[in-house]
Every structure is written in structure tokens, then in C-alpha cells.
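Contents: one structure, followed by commentary.
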Amino acid sequence: MNDRPIPFGPSVSRRQAGQIIVGATLLGMPGLTVGQPNRQNRSSQTGRPGSPGTAPDTTSKEPKSILDGVIARDRTRDWILKPTIHIQSYQEDPARVPKDGSRTITIVPIEFKTAALVFPILKSTASSESVGDAESIVSDLTFDDRPLNVKPDFNESYHSMVRLGRWEMTDKKGRECELKLEIPLTCWQTKFDESIAAKATWPKDGRWGRVGQSTLAPQAMIDEPGTDNAEALKRLVGTWLGGKPPQSMTPLGLAKMLAGKCVETFQKTGSGELYSSMGRFAGLELQGPARTIELGRGSPHDIASVLLGLYRAVGLPSRLVIGYDQSDRKGENSGLVKRRKGGEDIRSWVEFCLFDAEAKKEFWVPVDVVEIRSRSSRPGPIDKPWKYFGTHDELDVVLPFAHHFIPPTTVNAYGYGFWGWLTMPQTPIAEQWLQFSAQTAPKRGGEPKQPAKKPS
């Protein structure tokens, strides 16, 4: 697997544009490919409050848990998230063509017999839930500006139980392909009760809940076995624990100690967002946990990757959450373009799992170590609450859309852009740009819409 970030934009060479990252279903998960959907899971699309990853619903008929109320919703907003994935055929940089007209610009068309394009559509996180009915998700797929009548298939049997949408195409040759989505979702601020969280214990049989167990499988660009990343994370855990076994601490205590160490150790540098020369967002630029640990600094996405890998290394279920930040836009419909101060429209943080094995209920807790460090490099006493550890007053305006930098299945991806595709007979040389926009939506069930407010 090639984990080096791939250059994007019109300045890339043909060789660079042809480089790809292959995302594969890793250890511990079903060997599904984009061409083999798990039909059995199609019937489980209906979302409901209290399902794994959402705040608990006290009115549900689920078994009572000692952890009920550990993570609660606060201010809530309804949104329509609008991602766009644009795939452009490779075109040679005009600056490299002789000015005497002796040679024309090389253009390599996108051509395939079959293609399956995938993009994540999250069902729920600790701070959000999407519509359970996949039919409510609007998609518009075009090839050379011609609409394709393609209905997506959805599958949620992957790492972190992410729901991947899949759009299939056949016999195409042209200059560009574009997928536009509209995803209704609800986001909320979170409130964390550490006195309840302290009751959580490690499962006696070592088995976590369905979603939590799935997150312990290796993940691309985080902790693949045998890589520098995995070894660096293992060494850092050993240093920070001083040889003590992870389970000598409670899940809460261990999660908080590792988060605090990350806050003290790693300094944020840059946004980690990659833009073309035309100012188009082309994905993320990642250096990997090993390099971040070596340097003691990295982008917000790099630092989140280290915390995620550390949680996994000690056996604590955790998942990456990547979201589109609307905090500066006050609910207006707007796209992702390069900001003068370095972007930061895309945010990454980590959620870890607290599990009540007796009630078989999972509770996910958001941790944003970059935001914690923005307040101070010393987060405070470990027995006192920390803002952005569980309690987070900005998540009603940050719209989660992915658990991975590249999809956790057998696809080719042009760098770290959250989507991928599988094309036959070969992978086209191509470039990409992505756009995220969002607009507020009317409250569901006739509830009045809350006024937009920028978090403090």
C-alpha cells in the first residue's frame, strides 16, 4: 500500500497523476469488494435514536445501562450536507509544452468498461445522525455533464460499520465524472458526565459491541501491521504507560491520560488540506503517525491519527471522525475554497467507546485534542472535566461525513480524498477536486428552526 500523499491539480505529471492509493478491507472485517454488496444488511438501514454511536434515548425500550446518560445531546441543528466529487481526465501542464507549437498538450481521457464509485454516508456518530432511510439521500451522477440514471447501493459491513454508498457505471470514455450528494443529518453539541463514565469497565471476555469490535481492525494510514506507523505507536504506548498493562486503568482513565499526553506532546502545524493551483480542495496531505511522533508536530488530521492509533494500540475501540466545519458560515450555503489563513474547513477528531457488556450498549465519546491544546498545552487535572473531551459545544456546526481518509474496501483513490473507485480493465490517470457545502434544514417533526449562532 502506498501511503505517500499524491500531488493533485493541473501541475502534476502524467506519472504523478497515475499514482494511486489502494484501500483494502483489512484484518478482522469481511472480505467485501465494491462489486459485492452485502445484501443482508440492506434491511438494517433504518436509523433510530439510541442506536450505536448516538446519544441514548431514555424513552426507548432498550435495556437499562449503568452508563445511560454518560453522553447527552445539547443544542441541536438540522442540516443538508452537500458533498461533490469531481474526477477530471489528466491534462498535461501547458507550461511544459514547447511554445513553438511543435507539440500539442497531452490529454488522457477517462475510459473504463465498468466502474463502481464509493463514498461514505455515516449513519451516526456521538454528535450526529443521518437519515436512516437511504432513499432520502439525493445523488446526482454525471459523466461529461450527461446525467446517469444510477441508484446507489448501500453497505455498512466495513471497518467502524461505516455505510458506503456505491454507484456503478459501464462503458464510458470522456473528460470528467461528477457525483453530487445531498445528505440530511442532525448534529448536536455533546455533554459528557465523567462520574457515569467512571463506571465503565473492560469487557471480561475481551469482546466489545458490534461497532466497537469492528474498529479494532487495522486502518489504512493509521496502524497497518508491520509498518513504521504501527511500530511507532507501540513504542510510544510502552513509554507513556511505563510498562503497566493498559487494563490496569479504567477505560475512561486510560483514554484521558493518552489524550492529555497528546495535548502536551504534539504541536499543530498547518491545516493538512491540499489545494490545487486553482484553489480547489483536492484532499488531505498526511505524514502518518510515525512521522508525527518523530517530529512532535503535525496537522490536526495527523495529530488525530496518533490519538486514534494509541487508543487502538491499548485495545480501546475508537474511530476517526472527519467533518465539514460550518462554524464561520452561520448556516449559509457555501463551498469549500482555500482560506487566506490556511483552510481548516475540514476537521478530524476521535471517538472512543465505553461499553456496558451486560446491557450490550455502546456509548461513543468525542475527543478533540487539537481543540484542547488550542486552549492550553496543559489540559488540567485528570480528575477534572476538560472542554472538548466528551463535552463539545461546537459539534452542532461540524457535519461528520467520514470515518476514514480512504474507504475501507478494495478501491483505488487519488490521494486522501475520502472516496474511491474500482474501474476495469485498468485505473484511469485522473485528477480530482472535492467541494463540501451545507445549508440549514427545517426542524424535523415540525419543530421550529433554531437561530444560527457561532460557538464561543
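Listed values, structure above:
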{"read-out": "Filtered residue count, the range 125-139, keeping only those that are within 24 Å of Glu351 (Cβ to Cβ) and assigned to a strand (DSSP E or B)", "value": "4"}
{"read-out": "Within the range 238-282, considering residues that are more than 30 Å from Gln88 (Cα to Cα) and in a strand (DSSP E or B), the one nearest to the chain's Cα centre (by Cα)", "value": "Lys268"}
{"read-out": "Residue that is modelled with the lowest pLDDT [pool: residues in the range 224-262 that are touching a Pro at 6+ places or on another chain (Cβ under 7 Å) and of a type outside the set (D, E, K, R)]", "value": "Pro225"}
{"read-out": "Residues located in the range 220-239, provided they are under 24 Å from Gly420 (Cα atoms), surrounded by fewer than 21 Cβ atoms within 10 Å (Cβ to Cβ) and among the polar types (S, T, N, Q)", "value": "Thr227"}
{"read-out": "Number of the exception - Glu182 against (1) closer than 26 Å to Phe405 by Cβ; (2) surrounded by 18 or more Cβ atoms within 10 Å (Cβ to Cβ); (3) touching a strand residue (DSSP E or B) at 6+ places or on another chain (Cβ under 6 Å)", "value": "(2)"}
{"read-out": "Answer from Gly270, Gly242, Gly212, Gly174 - the residue that is surrounded by 22 or more Cβ atoms within 10 Å (Cβ to Cβ) and small (Gly, Ala, Ser)", "value": "Gly212"}
{"read-out": "Odd one out for Asp144, checked against (1) out of contact with any Cys (no Cβ under 9 Å at 6 or more places or on another chain); (2) surrounded by fewer than 18 Cβ atoms within 10 Å (Cβ to Cβ)", "value": "(1)"}
{"read-out": "Residues that are of a type outside the set (D, E, K, R) and free of Cβ contacts under 8 Å to residues at least 12 places away in the same chain, drawn from the range 138-148", "value": "Pro147"}
{"read-out": "Hits in the range 289-310 - residues which are under 17 Å from the mean Cα position of the chain (by Cα) and not hydrophobic (A, V, I, L, M, F, W, C)", "value": "Pro289, Ser299, Pro300, His301, Asp302, Ser305, Gly309"}
{"read-out": "Checklist (1) under 26 Å from the mean Cα position of the chain (by Cα); (2) outside any strand (DSSP E or B) applied to Thr142, failing item", "value": "(2)"}
{"read-out": "Residue in the range 126-137 that is of a type in the set (D, E, K, R) and within 26 Å of Trp386 (Cβ to Cβ) present", "value": "yes"}
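The values are calculated or read from the model by the stated rules, or taken from the named source; none is laboratory data. Quantities reported herein were computed from a predicted structural model and do not represent experimental measurements. So basically every Cβ, Gly included, is an ideal-geometry build from the backbone, and we count neighbours across all protein chains shown.
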